[in-house]
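**Q** Sharing a structure, written as structure tokens. Questions coming.
The values are calculated or read from the model by the stated rules, or taken from the named source; none is laboratory data. Predicted model, so just to flag it, every value in this text is computed and none were measured. FYI the Cβ positions are ideal-geometry reconstructions off the backbone, even for glycines, and counts take in every protein chain you see. Just so you know, the surface numbers come from the protein's heavy atoms only, side chains and all, with ligands and any DNA or RNA stripped out. Shrake-Rupley method; radii C 1.70, N 1.55, O 1.52, S 1.80 Å.
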Amino acid sequence: MNRIFIIAALLLTACGGQPASSAGTADSPVLASSTLLADIAQHVAGGRFHVDSLLPVGADPHSYQYTPQDVTKVADAQLLIVNGAGYERFLDTLLENAGGEREVATASAGLSSGLESGDPHFWLDPNNVIAYVENIREALTHLDPDGAAEFKSNADAYVVELRELDAWIAEQVNQIPVEKRLLVTNHEAFGYFAKRYGFTIVGSVLESFSSDASPSAQQMAGLIDQIKSTNAPAIFLDAGDNPALARQIADETDVRVVADLHLESLTDGAPAATYIDMMKYNVTQIVNALK
Ligand SMILES: [Zn+2]
């Protein structure tokens with residue numbers, strides 16, 4: 001925790017006579033929109049700040065409806081870290097309702113150029129998370145210049161872990177025969193992952209970068225044809241997705257439904273307690289289904 005905020009909290013308690021719990025918001029001047037962003041940012045912030053996640057574990061940022069408590073949290077935050085690229089559709093009205101002023105740092109800033117897609121799921125390639133780390137380091141340094149050296153060394157150490165993760169994923173993917181590196185997913189989330197690790201995207205149940213779209217009968221039939229013609233072995237879903245449509249498709253194509261990936265949220269404890277754990281878990285599920 002930042003010493004300044006301990007002092008601020010003590011002063012609040014001493015002068016205002018407020019119960020200690022009301023000073024609790026001063027514990028988290030840094031807020032991230034999602035659990036996985038909070039974990040990434042926490043690695044950079046180290047001991048100087050506790051980074052809170054706005055969304056709870058298991059919430060899907062694509063379809064999230066914010067609460068009055070969220071408005072209060074954002075109103076109290078000095079720095080809000082978001083993914084960007086249209087991922088947090090609740091953001092504009094949430095910021096409007098929160099009022100006041102704060103830094104809003106976009107973790108994916110600088111990454112969207114050169115990509116035609118509009119896909120916000122940059123984090124599924126750890127190399128993109130290295131760019132997130134740099135953007136987060138800059139934002140934290142702006143908020144707390146005295147922490148600059150600490151943020152830098154925290155960021156450097158985490159980047160080493162992210163490079164190790166990237167190498168680990170490539171090594172795992174090598175177990176899958178090249179012709180079986182085929183991804184069918186619930187929504188279009190795997191573009192960056194596929195590009196980095198040499199997968200072909202066969203299709204998705206929802207032809208959308210978001211999880212709250214709904215497909216037409218023609219789209220479903222088209223995907224069934226693609227699965228049959230490519231012999232894709234599995235359909236991959238996030239644990240939070242409704243598996244009904246994927247199961248219908250699986251009934252007609254004899255593919256496996258892997259319905260427990262974690263793409264948008266960490267879990268409370270295993271298997272996806274951290275971003276790195278989440279990626280390792282997902283890759284293991286994918287490799288087991290395709291190898
Ligand atoms: Zn998504």
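**Q** When Glu101 is evaluated against the numbered criteria (1) modelled with pLDDT under 95; (2) open to solvent by less than 50 Å² (accessible area, probe 1.4 Å); (3) not hydroxyl-bearing (Ser, Thr, Tyr), which criterion, by number, is the only one it fails?
**A** Of everything listed in (1) modelled with pLDDT under 95; (2) open to solvent by less than 50 Å² (accessible area, probe 1.4 Å); (3) not hydroxyl-bearing (Ser, Thr, Tyr), Glu101 misses just condition (2).
Yes or no, residue by residue, for (1) in contact with a His (Cβ under 9 Å, 6 or more places away or on another chain); (2) open to solvent by 20 Å² or more (accessible area, probe 1.4 Å); (3) closer than 23 Å to Asp60 by Cα:
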position	(1), (2), (3)
Glu188	yes, yes, yes
Gln218	no, yes, no
Leu223	no, no, no
Ala239	yes, yes, yes
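**Q** Hey, could you check the stretch 154-181 for residues that are among the aliphatic types (A, V, I, L, M) and open to solvent by less than 20 Å² (accessible area, probe 1.4 Å) and say which is farthest from the ligand (Cβ to nearest atom)? Even if it seems obvious, please write down each step before you answer.
**A** The first filter runs over the stretch 154-181 and keeps only residues among the aliphatic types (A, V, I, L, M), leaving 155, 157, 159-160, 162, 165, 167, 169-170, 173, 176, 178.
This time we only want the ones that are open to solvent by less than 20 Å² (accessible area, probe 1.4 Å), so: 155, 162, 165, 169, 173, 176.
On the way: Ala155: 26, Leu162: 20, Leu165: 20, Ile169: 19, Val173: 21, Ile176: 23 Å.
The extreme case among them is Ala155.
**Q** Looking at the stretch 48-85 only, could you name the residues that are free of Cβ contacts under 8 Å to residues at least 40 places away in the same chain and within 13 Å of the ligand (Cβ to nearest atom)?
**A** Once the filter is applied, which keeps residues that are free of Cβ contacts under 8 Å to residues at least 40 places away in the same chain and within 13 Å of the ligand (Cβ to nearest atom), the stretch 48-85 yields Tyr64, Ala85.
**Q** If Asp119 satisfies all but one of (1) modelled with pLDDT of 95 or more; (2) outside any helix (DSSP H, G or I); (3) acidic (Asp, Glu), what's the number of the condition it fails?
**A** (1)
**Q** Going by what's in this entry, would Ser153 be described as among the polar types (S, T, N, Q) and more than 21 Å from the chain's Cα centre (by Cα)?
**A** Values: among the polar types (S, T, N, Q): yes; more than 21 Å from the chain's Cα centre (by Cα): yes.
Yes.
**Q** What number of residues within the stretch 109-129 are touching a Leu at 6+ places or on another chain (Cβ under 8 Å) and open to solvent by 30 Å² or more (accessible area, probe 1.4 Å)? Break it down into steps so the answer makes sense when it comes.
**A** Going residue by residue through the stretch 109-129, those that are touching a Leu at 6+ places or on another chain (Cβ under 8 Å) are 121-124, 126-129.
Still in the list and also open to solvent by 30 Å² or more (accessible area, probe 1.4 Å): 127.
Total meeting the criteria: 1.
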